[in-house]
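**Student:** Have a look at this one before I ask anything.
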Amino acid sequence: MEDSWGDSAESRATLLHLPAHVTTLLEAGVESRARGYRGRFAPSPTGALHRGNLRTALVGWLEARLRGGEWLLRIDDLDTPRNRSGAEEAVLADLLWLGLAWDGPPVRQSHRRGLYATVLSALRRGGVLYPCRCSRRMLADISAPHGPLSVYPGFCRHQPHRWGRQQGRLPSWRLGLPAGRIVWQERFSRPGGLDGPSEVGDTVLRRADGVIAYHLATAVDELAMGISDVLRGEDLWSSTGPQVAVMKVLGSTPPAYGHVPLWCDEAGQRLGKREGSEGLEGYRARGLDAPAVVGELAASLGLVPPGSRLSARELMQTLGPGDLKRCLRRRAPAGGESALNRLRSQLP
Ligand code: GLU
């Protein structure tokens, strides 16, 4: 039943006691979204933007401008060990060099840890999370003889809920998903939907090292920032299931999603690490200026002929309603998500 998950999750939301300031924030998000299109670009400051990121940013900016909306910038910098010094400055400079200016000040997830922690405690007190003691290594060992597990098998779900440290280690906290299909509105890629128990599983929302998981922070931010449309790379398609699940548990309506195709070579193969990781430095080393780079990024999607030179704003002016969607849909994958990809978002 398509709606069973949504219904049960929404009714459980009434059992959550979110503090008034969080409810106010979520309500403000609903109001912002109702005023019109609000997109966002959410890089992690782990290094320079590569070619695929640059193209996704260009698509997000174009879509927001074509729809007369706003394009916000959020820096996903919660996973501090992975952050690289100077990466955030480089990301902002690269976007501006390409002519992709964002609206308002950038939002930094590292400044919002209090908000995520408050939501996490409300979910915990509402009985929708459980502590998990399974380590990454243990799950990998279990899966070894049969190939990778596609989702977390729920080992700790029915164990007594002990919160504290055991053998010096804190538990991770997982969202216990009820049965049912998680669906979302997908604009560019294959239809948005995953079965909760067999394709998403009980997602980690706080890691054992205490870091708030990407899925929780992202779900809360899309709501609180009033994002109406999430445009991001196709590699995050499967992350939408857990994020929509969190939003439903919070009693909220998810935004629409548009997953932008990954950069592939002529034969349709995803680019290797070296080619794919080329950022603006690589383009500049080849002597390309901003209009040439915008032209190359746009030509790779079939939006303009190869060799075009134009600014982001000129590119926007060449596009008619629906051009972007048409080009992106033509390049969408046929379906089927690798088991490994899904498990990646389940590990503590
Ligand atoms: N910060 C994530 C990344 O750079 C993207 C998050 C998102 O767009 O949801 O891969």
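Only the coordinates and a few stated rules stand behind these numbers; no lab work does. Please read these numbers as outputs of a predicted model, since none were measured by experiment. Reconstructed Cβ throughout: ideal geometry from the backbone, glycine too, with neighbour counts over all protein chains shown.
**Student:** Within 10 Å, count the other beta carbons around each residue, average over each peptide in 292-299, 80-87, and list them highest first.
**Tutor:** For the peptides 292-299, 80-87, the packing ranking is 292-299, 80-87.
**Student:** For the chain, what is the calculated [θ] at 222 nm in deg cm²/dmol (nearest 500), taking -39500 (n - 2.57) for each run of four or more DSSP H residues and dividing by its residue count? Spell out each step's value before the answer.
**Tutor:** Numbers: 14 runs with 136 residues, N = 348.
Value at 222 nm, helices only, nearest 500: -11500 deg cm²/dmol.
**Student:** Consider all pairwise Cα distances in region 33-149 and report the whole-number % of them above 21 Å.
**Tutor:** Every Cα pair in region 33-149 considered, those over 21 Å come to 57 percent.
**Student:** Diagonalise the Cα gyration tensor of region 146-226 and give the resulting equivalent ellipsoid semi-axes, square root of 5 times each eigenvalue, largest first, whole Å.
**Tutor:** Largest first, region 146-226 gives 26, 18, 11 Å.
**Student:** Could I ask something else about it? Kindly provide log₁₀ I(q)/I(0) values, in the same order as q = 0.15 Å⁻¹, from the Debye equation applied to equal alpha-carbon scatterers of region 22-77.
**Tutor:** With one equal scatterer per Cα and no solvent, log10 I(q)/I(0) is -0.53.
**Student:** Rounded to whole Å and ordered largest first, report the semi-axes of the equivalent ellipsoid of the chain derived from its Cα gyration tensor (root of 5λ).
**Tutor:** Equivalent ellipsoid semi-axes, largest first: 35, 22, 20 Å.
**Student:** Extending each Cα 7 Å along its Cβ direction at ALA20 and TRP97, get the distance between those two points in nm, one decimal.
**Tutor:** Calculated label separation equals 4.9 nm.
**Student:** Any number yet on Rg/Rh for region 191-267, C-alpha, Kirkwood? Walk me through the numbers before you get to the answer.
**Tutor:** Numbers: Rg = 13.5 Å, Rh = 13.5 Å.
My calculation puts Rg/Rh at 1.00.
**Student:** Another one. Taking only C-alpha pairs under 8 Å that are 6+ residues apart, what is the relative contact order of the chain in percent?
**Tutor:** On the way: 594 pairs, mean separation 86.5, N = 348.
Taking the mean separation of contacting Cα pairs over the length of the chain, I get 25 percent.
**Student:** Bins of 10 Å, beginning at zero and ending with the bin holding the largest distance: percent of Cα pairs per bin for region 83-207, please.
**Tutor:** Going from the shortest bin to the longest, the percentages are 10, 26, 29, 25, 10, 0.
**Student:** I need the peptides 42-55, 180-193, 217-230 ranked by packing, meaning the mean over residues of other C-beta atoms within 10 angstrom, with the highest value on top.
**Tutor:** Result, highest mean Cβ count within 10 Å first: 217-230, 42-55, 180-193.
**Student:** Between ARG82 and ALA292, take the C-beta separation as r, use R0 = 45 Å, and let me know the FRET efficiency to the nearest 0.05.
**Tutor:** For R0 = 45 Å, the calculated efficiency reads 0.90.
**Student:** Which of the cysteines found in the chain have nothing to pair with, since no other Cys Cβ lies under 4.7 Å from theirs?
**Tutor:** By the Cβ distance rule, which asks for a partner under 4.7 Å, the isolated cysteines are CYS134, CYS264, CYS327.
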